[in-house]
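The values are calculated or read from the model by the stated rules, or taken from the named source; none is laboratory data. The structure presented is a predicted model; accordingly, all values stated were derived computationally and were not measured. Counting neighbours? That spans all protein chains shown, and the Cβs are built from the backbone with ideal geometry, glycine included.
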Amino acid sequence: MIRTDEGRRSSRRRAVLLISIPVIMLAMFVVPYTLLREVDAWYGSALFWMLATGAVIALNVILSADWED
Amino acid sequence: MPAEWVWTGVGVYVVLALAAAVLSRPGRSEDMSAYFLGGRRMGGFVSAMSYSATTYSAFMMIGLAGLTYAGGVGALGFELLYLCGVTLVLVFGPRFWRVGKRFGFITPSEMIGHRYGSRSAGATTALASCIFLIPYAAVQLAGVGYLLSGMTGDAISFTQGTLLAMALAIVFAMVAGLRSVAWTDSLQSVLMIIGATLVVIVVIWQFGGLGAFFDGLAEQPGAMSVPGEGYFTFSTFLALTLPWIFFSISNPQVSQRLFTPGSMKDLRRMLLGFLVFGFIYTFVSVFWGFAARLHFPDLESSDMATPTLLGSELVPTPLALIVMIGILAACVSTIDSIMLTLSSTLSRDVYAAVRPRSSERGQLRLGKLALPVIAGLAYWFAHLELDLVAVLSVSASAGLLVLVPPTVGAFFWKRGTAAGVIVSVVVAGALVFALEATGTLFLGQGSGVWGLLVSVLLFVGVSLLTRPPRDRAEEFIAASRRGRRETSDDDAALAAQR
């Protein structure tokens with residue numbers, strides 16, 4: 001029973017992490033064209049896109065950690 | 001840069017790459033899996049470097065730098081969104097790998113044909129791949145032409161550059177199939193990432209530091225925001241980005257690589273290695289575009305941004321030569337991978353569909369014969385000398401977007417049918433072709449947006465009106481989900497049956 005609950009929690013955590021990737025990508029479309037539209041400097045869209053990509057790469061590292069033969 | 005220097009550099013590269021290709025050869029590759037997939041035993045590092053080299057090519061260092069030169073920071077967002085799209089490998093990578101091992105698939109089209117129970121569906125996706133990938137290979141050839149002619153002031157002509165790239169691609173693919181391609185790719189990737197990063201460091205130093213570099217950009221209003229100066233309208237950004245987000249599953253020369261790692265750990269190394277490589281490479285390419293923009297604001301064509309930067313006094317000649325050879329190698333590595341994928345596709349999915357009793361050896365022989373023919377077609381396209389390398393490249397990949405719904409459906413929608421695949425690929429593919437040929441921007445959106453939308457609607461609609469291969473779908477999807485250990489006992493038997 002405990003293992004089942006753990007399994008469910010793990011699946012839920014995995015699903016949340018996985019879904020956060022398309023959410024971040026959607027933000028990469030929307031934020032630069034709205035909130036950062038007038039920020040014409042390196043700390044505007046450029047920094048946002050790079051940080052968002054860093055987050056996506058980190059999520060890939062976490063979500064593929066259990067890939068085993 | 002003097003042409004003698006360039007030819008000497010090319011000579012050294014050819015010798016090194018040929019040595020890598022020959023060393024990669026483990027013996028005679030007598031079957032399709034050994035030749036086209038490296039026997040499904042590719043290691044993680046080589047897979048990652050080769051995946052990177054296949055994906056990143058003339059487009060990055062010439063096209064993306066050119067796009068940055070022309071449109072500013074939007075180019076960074078476009079390319080980073082593509083990189084994030086490779087996350088699809090997180091979902092599809094293990095599934096491709098498992099079904100490839102279980103059913104013995106050589107090509108993604110073969111997988112589609114099997115999953116939907118129809119060789120015609122496989123042949124249709126195979127032909128669509130050929131129609132759209134040959135122009136894509138041509139883009140890479142044109143990239144070499146621009147690079148060599150730009151850096152030598154036409155001492156090496158566009159034609160000589162494209163001929164050289166074509167000849168090298170044929171040789172690298174013929175020596176040992178995927179193994180020689182992957183080893184030469186790895187050599188190129190390592191060389192390129194080191195050389196290109198050194199250029200960034202040197203150019204920043206030449207500009208007087210990072211602060212001076214950003215001060216220069218601050219004097220160009222709109223360079224660091226979107227739509228900025230107006231090039232990257234949201235429609236343009238979407239039209240460029242959308243095909244690239246799905247690149248990892250729509251383009252068979254990269255999705256075929258999901259069949260090749262020796263283990264799931266190797267697959268993981270391939271994915272993560274590529275993401276890190278891509279992040280650095282994107283930053284470097286965009287930086288080059290900005291550097292050219294600041295130092296050479298009046299270039300006739302944005303595609304000349306990189307050749308001009310490398311040929312200038314900002315970059316020491318030996319370093320520029322190393323990077324130039326790296327770009328040449330990057331173009332070749334993309335072309336030979338595409339040639340390899342298309343030749344396996346033609347022999348496995350088209351020839352074998354027409355002649356179902358053809359032997360494995362016969363298919364391999366035909367595949368090898370197809371290699372120079374595909375290269376010749378790409379060479380012809382390259383000589384159309386279309387202006388903006390990046391835009392043509394994206395147009396070609398927009399056509400391959402029509403393969404996304406059948407691929408996603410194969411793993412996640414049991415109701416999908418062969419008729420749905422055939423109709424969606426043919427009609428949506430023809431639509432993309434027509435929009436590109438006539439230069440039509442329907443409702444202001446690019447061909448990829450319409451191609452994807454129409455292919456989804458047709459795939460779902462026609463599938464719902466036709467009878468699905470339920471047993472096949474159940475078996476395929478179960479195999480894609482189960483772990484290797486559970487299926488290992490019957491892997492060999494099933495592969496042998498096929």
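Quick look at the numbers
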{"read-out": "Residue within segment B:79-86 that is in contact with a Gly (Cβ under 9 Å, 6 or more places away or on another chain), farther than 20 Å from residue B:178 by Cα, within 14 Å of chain A (Cβ to nearest Cβ) and not in a helix (DSSP H, G or I) present", "value": "yes"}
{"read-out": "Single residue of B:237, B:232 found to be crowded, with 22+ Cβ neighbours inside 10 Å and assigned to a helix (DSSP H, G or I)", "value": "B:237"}
{"read-out": "Filtered residues of segment B:437-467 (kept if of a type in the set (Gly, Ala, Ser), within 17 Å of residue B:132 (Cβ to Cβ) and in a helix (DSSP H, G or I))", "value": "B:437, B:447, B:448, B:451, B:455"}
{"read-out": "Any hit, segment B:400-422, residues being within 30 Å of residue B:66 (Cβ to Cβ), out of contact with any Pro (no Cβ under 7 Å at 6 or more places or on another chain), surrounded by fewer than 24 Cβ atoms within 10 Å (Cβ to Cβ) and in contact (Cβ under 8 Å) with a residue 12 or more places away in the chain", "value": "yes"}
{"read-out": "Selected residue (only one of B:48, B:70 is surrounded by 24 or more Cβ atoms within 10 Å (Cβ to Cβ) and more than 10 Å from every other protein chain (Cβ to nearest Cβ))", "value": "B:48"}
{"read-out": "Residue match in segment B:218-227 (condition: surrounded by fewer than 16 Cβ atoms within 10 Å (Cβ to Cβ), in contact (Cβ under 8 Å) with a residue 60 or more places away in the chain, within 14 Å of chain A (Cβ to nearest Cβ) and within 28 Å of the chain's Cα centre (by Cα))", "value": "no"}
{"read-out": "Of all residues making up segment B:249-279, the number that are more than 15 Å from residue B:345 (Cα to Cα) and either touching a Ser or Thr at 6+ places or on another chain (Cβ under 6 Å) or within 12 Å of another protein chain (Cβ to nearest Cβ) (or both)", "value": "20"}
{"read-out": "Selected residue [of a type in the set (A, V, I, L, M, F, W, C) and under 30 Å from residue B:406 (Cβ atoms)] from B:201, B:249, B:156", "value": "B:249"}
{"read-out": "Sole exception among (1) surrounded by fewer than 24 Cβ atoms within 10 Å (Cβ to Cβ); (2) part of a helix (DSSP H, G or I); (3) in contact (Cβ under 8 Å) with a residue 60 or more places away in the chain for residue B:160, by number", "value": "(3)"}
{"read-out": "Residues that are part of a helix (DSSP H, G or I), within 7 Å of another protein chain (Cβ to nearest Cβ) and within 24 Å of residue B:277 (Cα to Cα), drawn from segment A:33-49", "value": "A:45, A:46, A:49"}
{"read-out": "For residue B:1: the one exception among (1) in contact (Cβ under 8 Å) with a residue 40 or more places away in the chain; (2) part of a helix (DSSP H, G or I)", "value": "(2)"}
{"read-out": "Qualifying positions in segment A:51-69 - more than 11 Å from the chain's Cα centre (by Cα) and either more than 7 Å from chain B (Cβ to nearest Cβ) or within 14 Å of residue A:13 (Cβ to Cβ) (or both)", "value": "A:65, A:66"}
{"read-out": "Residue check, residue B:190 away from every other protein chain (no Cβ under 14 Å), at pLDDT below 95 and over 27 Å from residue B:406 (Cβ atoms)", "value": "yes"}
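Listed here are the residues, each with its yes/no results for (1) under 30 Å from residue B:40 (Cβ atoms); (2) of a type in the set (S, T, N, Q); (3) touching a His at 6+ places or on another chain (Cβ under 8 Å).
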residue	(1), (2), (3)
B:193	yes, no, no
B:196	no, no, no
B:199	no, no, no
B:206	no, yes, no
B:214	no, no, no
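Table: residues versus (1) buried (at least 24 other Cβ atoms within 10 Å of the Cβ); (2) within 30 Å of residue B:221 (Cα to Cα); (3) in contact with a strand residue (DSSP E or B) (Cβ under 7 Å, 6 or more places away or on another chain).
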site	(1), (2), (3)
B:4	no, no, no
B:14	no, no, no
B:25	no, no, no
B:43	no, no, no
B:55	yes, no, no
B:80	yes, yes, no
B:91	no, no, no
